[in-house]
Every structure is written in C-alpha cells, then in structure tokens.
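Some notes on the structure that comes next.
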C-alpha cells in the first residue's frame, strides 16, 4: 500500500513469520486472495465483539482471533502474487477491511473498558482514541487516492524539489520532525489490542488482581494513535510544501 508510514517493522516481521505456514497451506487450496481477505476481516470483527463478553475466555478468544485476522491480512497479498490473482477488487477490499476493523476494534475496546471503569477520563480518552483512529484511516485513504491519481508512491519524496522550494529551512525542519516521530505500522494497533486483551484474560483467569491492564492498554493505544497521526500530518505537510 502506498500509504505505509513505515516498512518492515518488528511487528510486521513477526506477522510475516506467523503467516508463512498459512500461506503454504492456502497455496495448495482453491481459496482466492479475496476470500482470505474477507475471512480475515470476519475473524477480526468476531474478535472485536468477543471483547464485549467481558470475561477471561472472551478476552483470550479476542486476542487469538485478532491475531489470526492480521495473519490472514498479511497472507492475502502474498497469495495473490503467488497465484497471479491480483485484482482491483482485492486492492479495494484489503484497505477497506483494514480501516473498518481498526475502528470497530477501537470502539469495542473502549466500550468494554468503560463498562468496568465508568469514569469521565475513560470517556474522554476513549473518544480521543476513536477520533484519532478515524482521522488516521481518513488520511490514509486520502493519500492512497492522491497516489493513485498521480501514479506515484506517497512514500517517495522529491528532495530536489524540496531544496528548490520557497519555504527554505521550514521544509527541512518539517522533514526532520517527520523522521524524529516514532513510526508505527498498522499491525501495531491490532497487536496492542490483542496483547492487552490476552494479558487481561490471563489476569482474570488466574485471579492476579491487576485491574488496570485494559486501562494501560487504552493509554498505550492512545499514545500509538497520536504519534501515528502526527507522523502522517507531518508527512503530508512536507509533501504539500515541496510542490
């Protein structure tokens, strides 16, 4: 995808390794890449709603289903390449379900936290998380449309154009800011939700009396979303200034 903020992060490499056995098995079947994409979206959505069960088994099931969802999301593109079944429908389905699933997960995650912690700060941070996720997905779609329209990758920056621009040092400052902001990939958000869900499930199952696991997950997810949004905005602002 052209809207990628970073490439080959540690979490992405983890999902790539986990997806290899699934890719090997699926390549031997008649299952199409689009069917893999839809299956991954279904698993992720069911996982999101498993959070609302609000017990140990619901959280553990949610973590496993969300992880499987991301594994299938990683596998579909490679299966399409191996089977030579790339299509416009597939290019649309993949980002559509990715973005929809992120918003569904954020909503279900915040809802279950509020059920256990009906406090004002949970409402505020939860709304911020859902808002950040909405704008992240909106900007990614917007960047994809621009890249498609101009037939160029939004990951590529014209350095010569930047040097010749009328904005002088401001362009370099924004570019430095973009590089300094930590880069987070799309899978990182799903990994965060699944990790804290699994942790909380085991916490309930073994009666560890650590009640703030999900709240910590909310804060971490909010941190992830805020920095991701800043990175996208700084990138888009930089690209705008060098035109």
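To keep it simple, each residue is scored yes or no on (1) at pLDDT 80 or above; (2) outside any helix (DSSP H, G or I); (3) out of contact with any helix residue (DSSP H, G or I) (no Cβ under 8 Å at 6 or more places or on another chain).
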{"position": "2", "(1), (2), (3)": "no, yes, no"}
{"position": "7", "(1), (2), (3)": "no, yes, yes"}
{"position": "18", "(1), (2), (3)": "yes, no, no"}
{"position": "28", "(1), (2), (3)": "yes, yes, yes"}
{"position": "43", "(1), (2), (3)": "yes, no, no"}
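Only residues that are without any contact (Cβ under 8 Å) to a residue 24 or more places away in the chain and either under 30 Å from residue 30 (Cβ atoms) or outside any helix (DSSP H, G or I) (or both) were counted in region 87-116, giving 4. Taking region 214-243 as the range and being more than 18 Å from the chain's Cα centre (by Cα) and modelled with pLDDT of 85 or more as the test, the residues that pass are 214, 215, 216. For region 117-129, the set of residues classified as out of contact with any helix residue (DSSP H, G or I) (no Cβ under 7 Å at 6 or more places or on another chain) and either in a helix (DSSP H, G or I) or under 12 Å from residue 214 (Cβ atoms) (or both) consists of 120, 121, 124, 127, listed by residue number. Restricting attention to region 81-102, the residues that are surrounded by 14 or more Cβ atoms within 10 Å (Cβ to Cβ), out of contact with any helix residue (DSSP H, G or I) (no Cβ under 6 Å at 6 or more places or on another chain) and at pLDDT below 80 total 2.
Entry remark, region 38-70: residues being buried (at least 19 other Cβ atoms within 10 Å of the Cβ) and more than 24 Å from residue 213 (Cβ to Cβ) number 2 in total.
For region 57-79, state whether one or more residues are over 19 Å from the mean Cα position of the chain (by Cα) and closer than 22 Å to residue 28 by Cα. Within region 57-79, one or more residues are over 19 Å from the mean Cα position of the chain (by Cα) and closer than 22 Å to residue 28 by Cα.
The values are calculated or read from the model by the stated rules, or taken from the named source; none is laboratory data. Keep in mind it's a predicted model, so treat the numbers as computed, not measured. In this analysis, Cβ positions are derived from the backbone assuming ideal geometry, glycine residues included, and neighbour counts consider all displayed protein chains.
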